[in-house]
Every structure is written in structure tokens, then in C-alpha cells.
Amino acid sequence: MPGMVVFGRRWGIASDDLVFPGCFELFFRLLWWIGTMTLFTYHKGNFDCNGRGVLHSYLVGLLVVLALIILSLSATVYVSAQGTITNPGPRRSMPALVYLRALLYIPELVWACLGAVWVSDDSKGCDPATVGAVIAAVVASWIILLFTAIGVVFVFDPLGNPRPRPAAMEPLGVRDLQSNEGTQFFSTARSLAVKVWESRLRLMCCCLPQDESHRAAFSSISQLVSGFFSDTDLVPSDIAAGLALLHQEQDKMERSRDPEVEVDHSPSSPIGEDLETELEKAAHCMQFAAAAYGWPLYVYANLFTGPCKLSGDCCRSHAAEYDIVGGDHLGCHFSSILHSTGLQYRDFIHVSVHNQIYEIPFFVALDHKREAVLVAVRGTLSLKDVLTDLSAECENLPIEGVTGACYAHKGMCQAAGYIYKKLVNDGILNQAFSIAPEYKLVITGHSLGAGTASLLAILLRNSFPTLQCYSFSPPGGLLSKALADYSKDFVVSVVLGKDLVPRLSIPNMEDLKRRILKIVSNCNKPKYRILLQGCWYELFGGDPDDFPTEMDNRREEELSQPLLGEESLIIRHSSSYQSLASDDSPAHTAAHLPLFLPGRILHITEDGPSRRSCFSQVRYRADWSNEMAFRSVLISPRMLADHMPDAVLRALSSLTSDRPFPLCPSSLNNSSQHNAI
């Protein structure tokens, strides 16, 4: 629901967000009041010590203040639990309760100071238990005041000046939000939002050099992030509730799908393509893609043996070996790559751990087992890599022989250009093929490395017609349709389960936003119940059919019109927003250029029930899919875990060895359907 307006500004918290913090504080205050009353009753109000008059006044005053706070908290929790996300009418008294609660902090502060003065000056000769109780009360008061101040900082909205709303009597559809005054207001608000996000990024990245490239990245990322929810009036808890509802809705649709109906997602690949052969190649290349992460992933995957294996190599000097190794701060990274790949030192042509924005680490090695010159590109492992990921606007990438619009993800396009110059201009590939001229070129990477590897393969395709690229968990917003179709001849993308990243693109996120708006507008449950049942469902499962999300008695014809609740969450009509009764496909959103996954797509999913006990046997299956199967974000507890490189490697190893792997996290929700759109 719209953020609560108190003290003359809008805050990043809604009037129905005070149920859980209110209940927690109410429980704590009740225990505190009972303890104070027990102490006062035990001594019958008479204390035989110095300053007993001050102590008596302190305890009586504390009981009164606590009682008033408990009453105000009870009223706050009750009122905050009323209504729904889009129906704040029953909570119209919440600002008054907030003012009352804020007013009660004044006597609490005074009594905390009074208790501290008594303990320091007049507590001599008193019962140690009584002194300890007063000290505990004073400390508790200061802790609560401190956490309240921290909470205010967290919910403070720098853009929180109250936003003008259309007149109450103005009919829907007649709102002139495109007037000159409205346009000027939203333009000013958008500029302010961009500046706020730039400041936040500079603060988070204060350890990075503030040069021109970083400032440009901050600016482009700020424009992208600030505009995402700028046309809505949602607070973070609304988004969390929408995601919880959307997950159950997606599971409900998935369970109701007829298992006999098969959707054809076969890619445009040569007839008789050997899936097992591609899986074996992919499993082999994934070892190199994972090795590119260096020692952090190696230690994570080998917690007990990894540090011991690397400890000697990291401390040993390799000065004589630096003639073929590029980059800086080697040692542990290179040693972990040797252990992970099983190659010898002489098999490496170039290893770079140099890392800047748009410049990511990679290595080039001779893979004698597959007779290939292999280029492995590292995925996201640093703050600089995150900035490269978030530079998600489109950049033109003209390729000779490709007809149609050619554009790609800017950050990864720049990173691919950096590696391309290193490989070609610095003669790294010439050096490799002078050693093994009969070998073919193979490029691989995971996540950010997968997107960069795919673009690098496109750039090198004309020079190396036989090259192959294996892209693991690549980002969904990577290539234009023309480039995606062009890459199907030499790129294979591998996606595990409900991995979020291959479904991430600006159009997909706009689609997710519209789905969240629709589902929270239709829900007739209070937010606290949505979040409680959502947490229960994520942890313990259940039947999503038992949790209705549609408004009771809403007629079908009403659903074909823009929803009133939905309209209440829209503060302006952006070009990315359409009535949610229209086609939900992001392909119908014209505000952003559509981007797709590269190449042919291998989708790996778990066979069997979606929930298993810990250490149960897991079996996977792999099917060819296509890019349209990843045009919508799927909500799942596995959406991040399925992206991890060790999870992808484990799944590929299981498929190629035909041996089930124990995997404890599989007790969470996993994808058991392969063509969820």
C-alpha cells in the first residue's frame, strides 16, 4: 500500500507494516511491566536504602509509562492488522497512533535518564537485585531507543515528500497525469531519484576509485534502478507479499497443468543432435568455468581439504613463472585453477586476475583431453563485477553477416571487447595455436562469465568458424533476437531448474512488477497473513489451493477492466505499464528492447517430487528448450541456489555419470516441470 505519510513526509513503510514489530515490542513490554510490578509488589513499595524516594517514584512512573506504551502498541497492532494492502480505509487512524507512540518516547527517555542518575548517585545500600533490575530497565530503554532510531533511518525515504494524488471525485480514466504540471513534477522527481541512487552507489562503492568510467556506470545504473518502481506507490513489504502470493499462484498453475500435454520446445538444431554428447562436453567445460572463480569457490567446495591444499602454494614464490601469467595478485587463484582443472602449469597460455569495471578475469589453457584451446571467463565475484552486471542497457553490436537489429547487454559487451583485444591484439590466441595448430577454440563461463563468453564467441566467430561456446547460467537480458538466432550454431546455454539469472531482463522485471501489482490488488487478505502463510509455505509446503488470492464475488467482467486497487498503486502511467487485463507477456511491453538467452538451451530439472528429505537421492533430467520458456521470472526458494556454479557442476556430473547425488537443499521447492512459461 502507499507509504504512510506522517511528520509531513512519506516513509518507506505502510500502515499495515506495524503488526510484526508491534507484536514483538508488545511482548517485550509486557514482560518488562510484569517484572517491574513483581519487584514493586515484593518490596510493597518500601525500599530500605538511600534514594528510596527517587526509586519509588522511578518504579511508579515506569509502570505508568509502560502501561501507556502497552496500550498504544495494542491499538497499533490491532489497527495495522485491519484492511488489505489496497484498502487502507480501516487503518486511517494509524498516523494518530504513530504520533501518540512517538510522544511516549519523551517520558521514556526522561525515565531512562532518571534511572541512570539513581544508579550512579543513590543506589548505595540497596538490595543488589533491585539495583540490577533498575540497571536492566535503563539499558533496555536505551537499547529500544537506539533500535528505534536505526529503524527510522531504514524506513526514511529521501524522496518522501507527499506525492500529489488526483482529486477524489475525479473519475478513473479522466486523470490528466500527462499535463505540463504533472510532467514537470515527475521529471523533477525522477531526476532527484537518480541523484539519490547515485549517492547510494557511491557510498556502497566508496572503496572503488571515483574515475570517469565508474561515474558513468553509477549514472546508468541509477537511471535503471530509480525508474523501476518509480511509477508505483509500493513499499518493500508489499513486494515481499506479492512475491509470496505469486509463488503460490505459479505452483498452483504448475500442479494443475495436464501432465499428458507436452509443449514442444525443441530448438532449431541439426536433426539427430546427440544430447548425451553435448552433456558430456558441457560437464567437462563446466569444470573450467568453475575453476575461473579461483580460490573462493575452490575453498567453498572443499571446506576441509581446500585450505590445506592451497596453503603451501599460496605462500610460495612464483617469480620465475610470471612470464606467461598476466594480471596481478596471483598465487592462491592460480593454484586453485591447477587443482580444479587437473592441468599442468605448462598447459596454461595466459592467466589474468586483473579486475576492473568492464574488465573481468579469464584464463587461456590447452585442453589436451578435448584437443581445444580453452578460454574460461570468470563470473561475478567482486563489487566491480556487480557494476558490470547492472550496466544492463543495450549497446549496438554490429556483426558481419547478421541481418536484423544487433545489440546486447552493455556491461558484458564491454567486457567481451576487453577480452577480445587481449586475445587478438596481444597475440594470446596466436601463441596458443602456434603450439597446437590442430586444436579448436572453445569458450566457456558461468553467469557474468557466461554472458561475456557468448559475446566473445560472437566476436570471434568469423575468425574461428569452428569455435564452440558453453554458457552456464547466462543472464536472460543478453542478446537481441537476431544475435540469439545467429549464436545457435555455436553456443550452448545450460540452465538449471528455476535459476533466476537466465530469466532476468528488463522486460521480464517489468512483467514481474505488473504481476505483483495485479496479485496484491486482487488479494482480500491482510498483509500480515499473506507474509505468515507465505513463510509457512516456503518452509513446510502445503497446498496453494487452500490460499485464495482473488477478491471474493468479483465478477468476471470486472476483471476485464483496470482494477481499482491496481490503479491506486499507480502514481503515473509509465510507458512500461499497461492494464493488467492485457496480455501479460513482456513481449508486449515496448518500453525496453527485448533481450534473449544465447544459443541453444539445455534445461536441467530434477526428476521426482518437488520436496524431499535431507540427503535423499536426487536425479536430474535434461531437455532442449528455447528462449521463450524463460520469458517470465519464476519464484522459488531454489531460484538463487540453482544459479550457484557448484550446483550446476553437481547436476551435470550426475547426468553424465548416471549417479544420483545427495543434495540437502533439495528439500526446498524445486522445479519438476521443464516448460514453465
Exercise. Only one of these is more than 17 Å from residue 60 (Cβ to Cβ) and either charged (D, E, K, R) or exposed (fewer than 13 other Cβ atoms within 10 Å of the Cβ) (or both): 96, 116, 140. Name it.
Key: 96
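Listed here are the residues, each with its yes/no results for (1) part of a helix (DSSP H, G or I); (2) modelled with pLDDT of 90 or more.
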residue: 98; (1), (2): yes, yes
residue: 103; (1), (2): yes, yes
residue: 106; (1), (2): yes, yes
residue: 114; (1), (2): yes, no
residue: 120; (1), (2): yes, no
residue: 125; (1), (2): no, no
residue: 130; (1), (2): yes, no
residue: 136; (1), (2): yes, yes
residue: 140; (1), (2): yes, yes
Practice problem: Give me the pairs, please: first residue somewhere in the range 388-402 and without any contact (Cβ under 8 Å) to a residue 24 or more places away in the chain, second residue anywhere and open to solvent by less than 70 Å² (accessible area, probe 1.4 Å), beta-carbon distance under 6 Å, and either six or more positions apart or on two chains. | Solution: 395/410; 395/413; 396/407; 398/406
Exercise. Return the total of residues in the range 7-28 being of a type in the set (D, E, K, R) and either under 15 Å from residue 101 (Cβ atoms) or out of contact with any Gly (no Cβ under 8 Å at 6 or more places or on another chain) (or both).
Key: 2
Exercise. Considering only residues that are surrounded by 15 or more Cβ atoms within 10 Å (Cβ to Cβ) and not in a helix (DSSP H, G or I), look in the range 143-167 and name the one that is modelled with the lowest pLDDT.
Key: 166
Practice problem: Provide a single number: the residues in the range 335-364 that are open to solvent by less than 30 Å² (accessible area, probe 1.4 Å), without any contact (Cβ under 8 Å) to a residue 40 or more places away in the chain and among the aliphatic types (A, V, I, L, M). | Solution: 2
Quiz item: What do you reckon, is residue 72 surrounded by 15 or more Cβ atoms within 10 Å (Cβ to Cβ), under 30 Å from residue 530 (Cα atoms) and either in contact (Cβ under 8 Å) with a residue 12 or more places away in the chain or in contact with a strand residue (DSSP E or B) (Cβ under 7 Å, 6 or more places away or on another chain) (or both)?
Solution: yes
Quiz item: Is it the case that some residue within the range 465-475 is part of a strand (DSSP E or B) and touching a Leu at 6+ places or on another chain (Cβ under 6 Å)?
Solution: no
Quiz prompt | Evaluation of residue 412 against (1) part of a helix (DSSP H, G or I); (2) open to solvent by 10 Å² or more (accessible area, probe 1.4 Å) (one fails), failing number | solution = (2)
Practice problem: Kindly provide the set of residues from the range 621-652 that are assigned to a helix (DSSP H, G or I) and open to solvent by 40 Å² or more (accessible area, probe 1.4 Å), ordered by number. | Solution: 628, 640, 649, 650
Quiz item: In the range 86-96, which residues are in a loop (DSSP other than H, G, I, E, B) and touching a residue at least 24 places away in the same chain (Cβ under 8 Å)?
Solution: 86, 88
Quiz item: Only one of these conditions is not met by residue 667: (1) of a type outside the set (Lys, Arg); (2) in contact with a Cys (Cβ under 8 Å, 6 or more places away or on another chain); (3) at pLDDT 65 or above. Which number is it?
Solution: (3)
Quiz item: Since residue 303 meets every condition but one in (1) modelled with pLDDT of 85 or more; (2) not in a helix (DSSP H, G or I), which condition does it not meet?
Solution: (1)
Exercise. Kindly indicate whether any position in the range 100-111 is surrounded by fewer than 16 Cβ atoms within 10 Å (Cβ to Cβ), over 19 Å from residue 24 (Cβ atoms) and in contact with a strand residue (DSSP E or B) (Cβ under 9 Å, 6 or more places away or on another chain).
Key: no
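Yes/no matrix, rows are residues, columns are (1) out of contact with any Cys (no Cβ under 8 Å at 6 or more places or on another chain); (2) open to solvent by less than 10 Å² (accessible area, probe 1.4 Å); (3) modelled with pLDDT of 70 or more:
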site: 211; (1), (2), (3): yes, no, no
site: 219; (1), (2), (3): yes, no, yes
site: 243; (1), (2), (3): yes, no, yes
site: 256; (1), (2), (3): yes, no, yes
site: 261; (1), (2), (3): yes, no, no
site: 265; (1), (2), (3): yes, no, no
site: 281; (1), (2), (3): yes, no, yes
site: 295; (1), (2), (3): no, no, yes
site: 298; (1), (2), (3): yes, no, yes
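Of the residues 429, 455, which is open to solvent by less than 10 Å² (accessible area, probe 1.4 Å), over 25 Å from residue 639 (Cβ atoms) and not in a strand (DSSP E or B)?
Of 429, 455, the one residue that is open to solvent by less than 10 Å² (accessible area, probe 1.4 Å), over 25 Å from residue 639 (Cβ atoms) and not in a strand (DSSP E or B) is 429.
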Quiz item: Just to be sure, is residue 314 modelled with pLDDT under 85, in contact with a Leu (Cβ under 6 Å, 6 or more places away or on another chain) and open to solvent by 30 Å² or more (accessible area, probe 1.4 Å)?
Solution: no
Quiz prompt | Spans of helices (runs of 4 or more DSSP H) in the range 488-577 with at least 1 residues surrounded by fewer than 18 Cβ atoms within 10 Å (Cβ to Cβ) and modelled with pLDDT under 85 | solution = 527-540, 564-568
Quiz prompt | Selection count where residues are open to solvent by 40 Å² or more (accessible area, probe 1.4 Å) and outside any helix (DSSP H, G or I), scope the range 44-69 | solution = 4
Exercise. May I ask you to list the residues in the range 374-403 that are open to solvent by 60 Å² or more (accessible area, probe 1.4 Å) and either in a loop (DSSP other than H, G, I, E, B) or under 30 Å from residue 343 (Cα atoms) (or both)?
Key: 381, 383, 398, 400, 401, 403
Quiz item: What number goes with the only condition from (1) in contact (Cβ under 8 Å) with a residue 12 or more places away in the chain; (2) open to solvent by 20 Å² or more (accessible area, probe 1.4 Å); (3) closer than 30 Å to residue 521 by Cβ that residue 19 does not pass?
Solution: (2)
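The values are calculated or read from the model by the stated rules, or taken from the named source; none is laboratory data. Worth saying up front: this structure is predicted, and the values here are computed from it rather than measured. All Cβ positions, even for glycine, are placed from backbone atoms using ideal geometry, and neighbour counts span all protein chains on display. When the accessible area is computed, the model is the full protein with side chains, heavy atoms only, and any ligands, DNA or RNA have been set aside. Shrake-Rupley method; radii C 1.70, N 1.55, O 1.52, S 1.80 Å.
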